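Inspection log for the structure reproduced underneath, given as structure tokens.
Bear in mind these aren't lab numbers, they're just calculated from the coordinates by the rules spelled out. Please read all numbers here as calculations on a predicted model, not as lab measurements. Note: ideal-geometry Cβ built from the backbone for every residue, glycine included; neighbour counts use all protein chains shown.
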Amino acid sequence: MATKKEPIWIARDFSKCSGCRKCEIACSLWHENRIWPEASRIRVFMLVPGVEFPHFCAQCEDYPCVKACPANALSVSDETGAVLVDENACIACGQCIDACPGRIPHMHPTENHILICDLCNGDPQCVKVCQEGSWNVLRVVPRKDYSYGLYARKPEEITRDLVVKIYGEKGEEFL
Amino acid sequence: MIKGYAGKFLEIDLSSGKISETKFSDEILKDYVGGRGLATKILWDRLGSKWEQTDPLAPENLLLFLTGPLTGFFPGGRTCVSGKSPQSNGVVGSTVAGEFGVELKCAGYDGIIVAGEAEKPVYIFVKDSDVEIRDAARIWGKDAKQTVAVLTKECRELLHERFPQKGEWKEPAILYIGPAGENKVRTAVVAAKWTHAAGYGGYGAVMGSKKLKAVVVKGSGPLPEVADMEKVKQLIHTVCEEVYESELWRRWGTGSAGYSVGAKTSSEPVRNWQEEWHDEKSFGVDQFENRVWVKQYWGDFGCPTTCLKVAVVKKGKFKGAITDNPDYELQAYLGTNLGVFTPEENVFLACLIDDLGLCGIQTGNVMGFAAELFQRGILTKEDLDGLELKWGDVEAFAALAKKIAFREGVGDLLAEGTYRAALKIGEKKKRDVLQYAVQSKGIGIGAHGIRSRKDYPEIYSYACSVQGGDHTSTACLPLDDFRSELVMIFNDSAVYCYFNIFGVPRQVKFDFYKAVTGIELTQEDWVNNKAMKILQLQRIMLLLGGPDFKWNPKVHDDNPPRFYEPLPSGPYKGKSVEKAEVRKEVMRYYEAVGWDENGIPKPETLKRLGLEYAEKALDRLH
Ligand code: SF4
Ligand code: SF4
Ligand code: SF4
């Protein structure tokens, strides 16, 4: 087998997101072999037009979702640092959603298990397409002891910040 | 069942509230594909026998929201909106970018056919197979941004209530109308995402006539199965690789044209096309980029180009105005055509037009027309409810746009669009003002002139198009030229954004079609047979027209009179087109598409195409 992978993190630069949703397409093609936005582990929210951003696991330092799972369906990959879902063990109770500060995990639309970014086993597909198009919203960086968990925020919270950054104070009117 | 399709269509009758599903045979889908092509077939089958009597703004008209087999797969998602057009009285396949078509297919539907008229304002909410007609009292009268905000919130709340196990729901996709559509303004759009619009055709007015404020869709399934997924993936890559190479539209969108189409090709409408040249560097794309763009790349589902740029005015009188780029068409029609040459003023007007749910092209066209009549003293300050419509006075134009959207005073007249307004003003003033109306078949001409002959349309492009002045559907010879209407019908029928085919070998879109549907298609077969069929049906319905008037090819297969005046300024000063030459080209085009010398499809043309069923209608054309 290949040498041990370095744990990684996907750095994210929300305000540059074009809303092209190529990350959703790439993620769902990789995991489902279908174009399936609602089954993508990364989802582009657009609660306000022009204020799109990708919403996906931040790989928190303390992984509250993993701790909250009553079925031991979630684990942390020591290779990549990703949260791994044991699809058979998952009972679709949704407790990880409530435990996640960003309510990032979401249920598979047709299967009975949760969806969380698995970092594509160390080769993130979403990053590739975002880089190919030179939007550079997503970038792979080595995982360090930084406060990644800060990025686990709810779509509304992220929108609230971005809408003002992009549109100025008038932005708040659109929420 | 053909791959790439969800396999069923929603039928919603707003008069009775009945919701049902319908299917089209594989034969029909093979021949008419989807979007514009399928719209043409549906409208023919259901309204063709009473076309002349069908008022586009009456409950009898149908409003179609159609995807195509390539929607969601080919980079750049779109939806086609159609029906009998209140602008041309024919059929226009009008597409709007965004995720609506993708959501719809993921919900299990290839399209929605809306009939009838609701008693009170409603919106349609589709969540997979759950479809309901909901009260829209709360949003009737609201502008674009408020409508989107309220519906996004309301429908996400519904999703969270009904399907709490999902976790966080993403917003559904929304198509909506603004006040202009509600007031049945013929230059009203069906819009998405604040700034995206299906403009040509005037379907916002049709939606308003049905009291349908919006259609909201959330689909949780995958896009339909395709014939060859590996090939689809590979082709997505091929298309994107080509597009990433093209700097023009990625970097500036069409926004560099506001300066260059005037300064260089001299084919931009300036002051209602009295000129087509300007050298206003204040309108340079660098000024837009440095002063108002806050996001360099903005796009829709799967799009590699992301040609839109989010623009915000940061200071001064128009602070807080938001729109995209503006793109070239709106730079021209809400800029140069009105004598406006600064980014901030242009963004302000585009923002207002978006908010009101008006079409920037058609409304800019009719406002330019009104301003020229004011310049010539034909329309007075009194006629204009006290407005002095001086070139470059953005506030006067803003006031007029509001009047149009709400059909107030003179706005009620201009809300009929340039052609109809010209007829009415001509009658009232007892003089011909049609000479100042820059339109074809009731549709204001897109912002690409023909006099300098340096732009892409041919001198007969607008005269012969089955979509009139639509600059995205230009008649052109040879029929397989990339600028030909027949070629463009493919984009509108397979339904994707045609900005992503530039630079891409033309075979790629047919390879894509095959990879998705499994059906072999060649350019030749498309142009000579399939697109040709769609074109003939569109032509027949355009000529049947009614109920308010009927086009006469001898008179109306022509350019607006303005294009026969010599260009008064610029590098191509003195150039114009010759009527005799245009007539000759029109005849050449008739011949190529199988129309007789009166512009009417020949019976043998219809026979060759298997359109015998349309032959009877020819009697109604003579
Ligand atoms: S690929 Fe990048 S730019 Fe496109 S939607 Fe995803 S994060 Fe945004
Ligand atoms: S972001 Fe949410 S899903 Fe990811 S590790 Fe943190 S708690 Fe778990
Ligand atoms: S890294 Fe892989 S699993 Fe995670 S969001 Fe990106 S594509 Fe999806």
For this session: Compute the label zone of A:ASP123 within region B:220-240: residues whose backbone N is under 20 Å from the point 7 Å along Cα-to-Cβ.
Result: B:229-238
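Defining a contact as two alpha carbons under 8 Å apart and six or more residues distant in sequence, what relative contact order in percent does chain B show?
Values: 1486 pairs, mean separation 102.3, N = 622.
Result for chain B is 16 percent.
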Problem set entry | Inter-site label distance for B:LYS120 and B:LYS231 at 7 Å from Cα along Cβ, in nm | 5.3
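What does the charge add up to near B:GLN375, with Lys and Arg as +1, Asp and Glu as -1, over the other residues with Cβ less than 11 Å from its Cβ? The partial results should precede the final answer.
Details: positive: B:ARG271, B:ARG376, B:LYS390; negative: B:GLU372, B:GLU388.
Here the charged neighbours net out to +1.
Place the peptides B:469-476, B:122-129, A:166-173 in order of packing, highest mean first, counting for every residue the other Cβ atoms within 10 Å and averaging per peptide. Don't skip to the answer; put the middle values down first.
Values: B:469-476: 24.8, B:122-129: 21.0, A:166-173: 15.6.
Per-residue Cβ counts within 10 Å, averaged per peptide and sorted highest first, yield B:469-476, B:122-129, A:166-173.
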For this session: Determine the distance separating the Cα centre of region B:409-487 from the Cα centre of region B:513-568; give it in Å without decimals.
Result: 13
Problem set entry | Virtual spin-label span in nm between B:GLU427 and B:GLU408, 7 Å along Cα→Cβ | 2.6
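Taking R0 as 22 Å, what's the FRET efficiency between B:GLU395 and B:ASP55 from their Cβ-Cβ distance, rounded to 0.05?
On the way: r = 36 Å, r/R0 = 1.62.
In this case the efficiency is close to 0.05.
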Exercise. Taking amide H positions as placed 1.01 Å from N in the peptide plane, with prolines and chain starts having none, which residues 5 or more places from B:ASP135, or on another chain, fall under 5 Å of its amide H?
Worked result: B:TYR123
Exercise. Taking region B:358-425 as the region of interest, what is the percent of Cα-Cα pairs per 10 angstrom bin, listed from the shortest bin to the one with the maximum distance?
Worked result: 23, 65, 12
Problem set entry | Tilt relative to chain A, helix A:22-32 - C-alpha long axis, 0 to 90 degrees, to 10 | 20
Exercise. What residues qualify as long-range amide H neighbours of B:GLY83, i.e. H under 5 Å apart, gap of 5 or more or another chain, H built at 1.01 Å from N?
Worked result: B:LEU64, B:VAL92
Exercise. Considering every Cα-Cα pair within region A:8-170, what fraction, in whole percent, is farther apart than 22 Å?
Worked result: 39
Problem set entry | region B:111-196 - Rg and Dmax from Cα coordinates, angstrom | 13.6, 44
Exercise. Percent of alpha carbon pairs in region B:246-356 separated by more than 16 Å?
Worked result: 54
Problem set entry | Rounded Å value of the spacing that divides the Cα centres of region B:56-71 and region B:193-216 | 11
For this session: Evaluate the relative contact order of region A:8-170 (contact order divided by residue number), counting alpha-carbon pairs under 8 angstrom at least 6 apart; express in whole percent.
Result: 30
Seminar exercise, completed: The rounded separation in angstrom of the Cα centers of region A:24-102 and region B:384-401 is 53
Seminar exercise, completed: For chain B, shape from the Cα gyration tensor axes a ≥ b ≥ c, cut at a/c of 1.5 then a/b versus b/c, turns out rounded
Problem set entry | Cα-based reach from B:LYS18 at 16 Å (exclusive), listing lysines while leaving out same-chain residues under 8 positions away | B:LYS120, B:LYS210, B:LYS211
Seminar exercise, completed: B:SER260 and B:LYS616 label points (each 7 Å along its Cα→Cβ direction) are spaced in nm at 5.3
Problem set entry | Within region B:73-150, GluC sites (Glu not before Pro) in DSSP loop having at most 16 other beta-carbon neighbours inside 10 Å | B:GLU119
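When only DSSP loop residues count, what GluC sites (Glu not before Pro) in region B:566-622 have their Cβ near at most 12 other Cβ atoms within 10 Å? Show your work: numbers first, answer last.
Values: sites: B:GLU578, B:GLU581, B:GLU585, B:GLU591, B:GLU597, B:GLU604, B:GLU612, B:GLU615; in loops: B:GLU578, B:GLU597.
Filter output for region B:566-622: B:GLU578, B:GLU597.
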Exercise. Among all the aspartates and glutamates, which ones have a C-alpha under 14 Å from B:LYS429's C-alpha, if same-chain residues fewer than 8 places away are not counted?
Worked result: B:GLU382, B:ASP383
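List the relative contact order of region B:246-356 as a percent without decimals, with contacts defined as Cα pairs under 8 Å and 6+ residues apart. Intermediate values should be presented prior to the final figure.
Values: 206 pairs, mean separation 30.8, N = 111.
Here the relative contact order equals 28 percent.
Checking the a/c ratio against 1.5 first, then a/b against b/c, what shape does the Cα gyration tensor give for region B:310-350?
Oblate.
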Problem set entry | Cysteines without a disulfide-compatible partner [chain A; Cβ-Cβ under 4.7 Å] | A:CYS17, A:CYS20, A:CYS27, A:CYS60, A:CYS69, A:CYS90, A:CYS93, A:CYS100, A:CYS120, A:CYS130
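So what's the back-of-envelope 222 nm ellipticity for chain B, counting only DSSP H runs of four-plus at -39500 (n - 2.57) apiece and dividing by all residues, rounded to 500? Walk me through the numbers on the way to the answer.
On the way: 24 runs with 229 residues, N = 622.
Estimated from H runs of four or more residues: -10500 deg cm²/dmol.
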Exercise. Count the lysine pairs in region A:8-170 that are 8 or more places apart or on different chains: how many have C-alpha atoms under 26 angstrom apart?
Worked result: 15
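How much length, in nm to one decimal, is gained on full extension between B:SER569 and B:ARG588, taken as 0.36 nm per residue of separation minus their Cα-Cα distance? Before the final figure, lay out each step's value.
Details: separation 19, 0.36 × 19 = 6.84 nm, distance 3.10 nm.
Value of the extension gain: 3.7 nm.
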Exercise. With a ≥ b ≥ c the root eigenvalues of the C-alpha gyration tensor of the protein assembly as shown, is it rounded (a/c under 1.5), prolate (a/b larger than b/c) or oblate?
Worked result: prolate
For this session: Mind checking which lysines have their Cα closer than 28 Å to the Cα of B:LYS454? Skip sequence neighbours fewer than 8 apart in that chain.
Result: B:LYS264, B:LYS281, B:LYS309, B:LYS441, B:LYS509, B:LYS554, B:LYS573, B:LYS575, B:LYS579, B:LYS584
For this session: Go through B:PRO568, B:VAL270, A:TYR148 and say which Cα lies farthest out towards the positive end of the charge dipole of the protein assembly as shown; charges sit on Cβ, +1 for Lys and Arg, -1 for Asp and Glu.
Result: B:PRO568
Seminar exercise, completed: In order over region B:280-295: 3J(HN,Hα) from phi, Karplus 6.51/-1.76/1.60, θ = phi - 60°, whole Hz, x for each Gly or Pro, gives 7, 5, 4, 9, x, 5, 4, 6, 4, 4, 7, 9, 10, 6, 10, 9
